[in-house]
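Read through the structure below, which is laid out as structure tokens, and then see the notes.
The values are calculated or read from the model by the stated rules, or taken from the named source; none is laboratory data. Since the structure is predicted, the reported quantities are computational estimates derived from the model, not experimental observations. Neighbour counts are summed over all protein chains in view; Cβ atoms, including those assigned to glycine, are modelled from backbone coordinates with ideal geometry. These accessible areas exclude ligands, DNA and RNA; they are computed on the full protein's heavy atoms, side chains included. Shrake-Rupley method; radii C 1.70, N 1.55, O 1.52, S 1.80 Å.
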Amino acid sequence: QVQLVESGGGLVQAGGSLRLTCAASGRTLSSYAMGWFRQAPGEEREFVTTITTSGRRIYVDSVKGRFTISRDNAKNTVYLQMNSLKPGDTAIYYCAAGQISAMSGEYEYDYWGQGTQVTVSS
């Protein structure tokens with residue numbers, strides 16, 4: 001089992017920066033793709049970014065050039081550097097650990113953190 005705990009959220013003005021941290025315990029993250037998702041009030045959870053086991057990064061278009069996902073397997077930790085924040089980035093941010101399904105070929109995120117609140121003011 002994998003336990004994930006996010007931290008680093010907070011209140012920031014538009015244009016500011018935050019770095020989110022996802023710390024894992026129970027198992028090492030080296031064999032997992034790690035993703036960040038977010039959920040705004042009244043909306044469904046949205047994919048933000050993923051870093052695969054080989055280091056390949058995928059970003060949703062709305063955060064490209066502003067957000068950077070990274071991982072440190074030795075520390076069993078994943079980060080999300082968020083720059084040039086916009087009010088539209090306001091959401092609860094969740095990290096998740098996933099693996100590619102042998103059946104579907106898609107990532108299945110089986111382990112989730114509790115979330116950390118990011119609020120960007122105008």
Considering each residue of the stretch 45-54, count those that are within 14 Å of residue 99 (Cα to Cα) and open to solvent by 10 Å² or more (accessible area, probe 1.4 Å), and give that number. 2
What pairs can you find where one residue is in the stretch 1-19 and on the phi > 0 side of the Ramachandran plot, the other is of a type in the set (Ser, Thr, Tyr) and outside any loop (DSSP other than H, G, I, E, B), and their Cβ atoms are less than 6 Å apart, with a gap of 6+ or different chains? 8/21
Scope the stretch 91-119; condition closer than 15 Å to residue 46 by Cβ and outside any strand (DSSP E or B); matching residues: 115
Looking at the stretch 78-104 only, could you name the residues that are modelled with pLDDT under 95 and either open to solvent by 50 Å² or more (accessible area, probe 1.4 Å) or of a type in the set (S, T, N, Q) (or both)? 99, 100, 101, 102, 103, 104
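Applying the selection to the stretch 50-59, what residues are assigned to a strand (DSSP E or B) and either of a type in the set (Gly, Ala, Ser) or under 12 Å from residue 107 (Cβ atoms) (or both)?
Looking only at the stretch 50-59, we keep the residues that are assigned to a strand (DSSP E or B), and these are 50-51, 57-59.
Matches in the stretch 50-59: 50, 51, 58.
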Could you list, in sequence order, all residues of the stretch 16-44 that are under 20 Å from residue 60 (Cβ atoms), surrounded by fewer than 13 Cβ atoms within 10 Å (Cβ to Cβ) and not hydroxyl-bearing (Ser, Thr, Tyr)? 41, 42, 43, 44
Collect the residues in the stretch 56-77 that are open to solvent by less than 30 Å² (accessible area, probe 1.4 Å) and not hydrophobic (A, V, I, L, M, F, W, C), keeping them in residue-number order. 66, 76, 77
Selection within the stretch 60-74 - in a loop (DSSP other than H, G, I, E, B) and either in contact (Cβ under 8 Å) with a residue 40 or more places away in the chain or within 10 Å of the chain's Cα centre (by Cα) (or both): 73
Tell me, which residue of the stretch 65-77 that is touching a strand residue (DSSP E or B) at 6+ places or on another chain (Cβ under 9 Å) and over 15 Å from residue 20 (Cβ atoms) is modelled with the highest pLDDT? 65
